[in-house]
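Right, I'll just put the structure down here and ask away after.
Values quoted throughout were computed directly from the atomic coordinates according to the rules given, and no laboratory measurement underlies them. Worth saying up front: this structure is predicted, and the values here are computed from it rather than measured. Here the Cβ positions follow ideal geometry from the backbone for every residue, glycine too, while neighbour counts run over all protein chains shown.
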Amino acid sequence: MRPQVLSALLTTVLGAGAMFTLYTYISPVLQSITHATPVFVTAMLVLIGVGFSIGNYLGGKLADRSVNGTLKGFLLLLMVIMLAIPFLARNEFGAAISMVVWGAATFAVVPPLQMRVMRVASEAPGLSSSVNIGAFNLGNALGAAAGGAVISAGLGYSFVPVMGAIVAGLALLLVFMSARKQPETVCVANS
């Protein structure tokens with residue numbers, strides 16, 4: 001497998017890992033930071049879903065202009081919001097805003113991650129797409145493990161989003177490193 005393909009797949013693993021570091025433990029994180037009730041957690045899950053929809057739309061739209069630019073911007077936003085969650089989520093309003101922004105940032109990286117893999121493995125689009133889904137699921141498992149490691153180490157639930165930000169930072173670093181080695185070609189979509 002070519003290094004560009006491996007790099008793109010690893011970016012997917014890390015991007016998904018950043019999401020699932022927090023998403024796996026969202027209920028106890030909100031209970032710990034916001035003192036959330038089960039009803040409030042349910043409302044936050046709805047807002048996260050709204051954020052997912054917004055992010056998926058924005059990520060796809062912007063990735064048509066620049067895959068790497070979209071990844072860089074939204075991975076940076078993902079890092080920032082995850083670092084801010086332990087502070088913003090201390091009250092219900094801050095938690096609500098941060099969950100929508102986090103949901104949007106987290107799913108805005110999905111379309112460009114998929115497009116990146118498809119671009120570097122264009123000779124086998126079906127295979128590369130299915131392997132990328134596997135990379136996403138590996139990120140799911142590794143993200144859950146990273147969040148679990150934080151909890152097991154006794155760092156507390158408020159550090160879980162910080163660990164997610166670290167994982168997002170690794171994904172962002174990989175995008176920057178890959179972009180230096182392989183400049184992006186501009187795609188023009190017909191409207």
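To the nearest 20 debye, what charge dipole does the chain have about its Cα centre, counting +1 at the Cβ of each Lys and Arg and -1 at the Cβ of each Asp and Glu? Could you put the intermediate results ahead of the total?
Details: 9 positive and 4 negative charges, 76 e Å.
Using only the charged Cβ atoms, the result is roughly 360 debye.
Calculate, for ALA145 and LEU45, the FRET efficiency according to 1/(1 + (r/R0)^6) with r their C-beta to C-beta distance and R0 22 Å; round to the nearest 0.05. Walk me through the numbers before you get to the answer.
Numbers: r = 22 Å, r/R0 = 0.99.
So, using R0 = 22 Å, E works out to roughly 0.50.
Take the alpha carbon atoms of the chain, find their radius of gyration, then divide it by 2.2 N^0.38 Å using N residues; give the quotient. Walk me through the numbers on the way to the answer.
On the way: Rg = 16.5 Å, N = 191, 2.2 N^0.38 = 16.2 Å.
Its radius of gyration relative to the 2.2 N^0.38 Å reference: 1.02.
Let me ask something additional. Relative contact order for the chain: what percent, with Cα pairs under 8 Å and sequence separation of 6 or more?
On the way: 294 pairs, mean separation 80.3, N = 191.
Once divided by the residue count of the chain, the mean separation gives 42 percent.
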